[in-house]
Every structure is written in structure tokens, then in C-alpha cells.
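Just so it is clear, none of the values below were taken in a lab; they were calculated from the coordinates. Not measured: the values here are computed from a predicted model. Reconstructed Cβ throughout: ideal geometry from the backbone, glycine too, with neighbour counts over all protein chains shown.
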Amino acid sequence: MKRIVFITPPDAEYGFSLAGVTQYIAGRAEVEEALDHLMADPDNGIIVVDERLVMGIDEKKMKGLEERWYGIFLVLPAPEKPALEVDYAMRLIRSAIGYHIRVT
């Protein structure tokens, strides 16, 4: 059975390993080396990399990696950090005062 491997930045260190998949932590500087290493291992069938890590890699290099590898290569959209939303603020206010107010 082939492995599913995730390459993530350090801020996602425990996320995927808790789900039972192989996870490598890498920065932008190490991601190309990690991809070369993981794609050389025949036991890996799916490699998923966080898009924040591949933003600096040349498009031709990425295309070459995808074409020479037999497995599935996916780029996982980066999680967005939501700004403080009005809904969140409203929930805090409502829980503090026990009344729904309208913020405009």
C-alpha cells in the first residue's frame, strides 16, 4: 500500500500526523529537496504540499516534478487566518451582556 505524505510548514506540525499520515515539516528553503527525496521513494503514492511552500518554486521546475513522478502530486490551499469578524465580535458581546446588539 502506498503512503500519503504531507509537506507542511512548522505551523501545521501536528495536524496531519494525528490523522495517521506521514508528515514532513519544511520551510521554503527545504521544500525542493524534500520533494526530490519523497518522489524518489517508490513507497509514496500521494504527495500533498502546502501552497505557501511552493510559491517560490519556478513554474517550470514544478511542472517537471509533476511530469517525472508516477504518483499523485497535489498542492493544498493554505489556510487563511480570518481577521476579527463582526460575527465573532458580536458573539463575544452577546455572551458578555446577554443581549444581541447591532454593530454598524
Among GluC sites (Glu not before Pro) in the stretch 1-43, those in a DSSP loop whose Cβ has at most 15 other Cβ atoms within 10 Å are 13, 30
Any residue on another chain or 5+ positions along whose placed amide H is under 5 Å from the amide H of residue 76 is listed here as 49, 50, 51
Sparse-neighbourhood loop hits (chymotrypsin sites (Phe, Trp or Tyr not before Pro), the stretch 1-54; DSSP loop; Cβ within 10 Å at most 11 others) -> 14
Contour minus Cα-Cα span, residue 19 to residue 75, at 0.36 nm per residue, comes to 18.3 nm
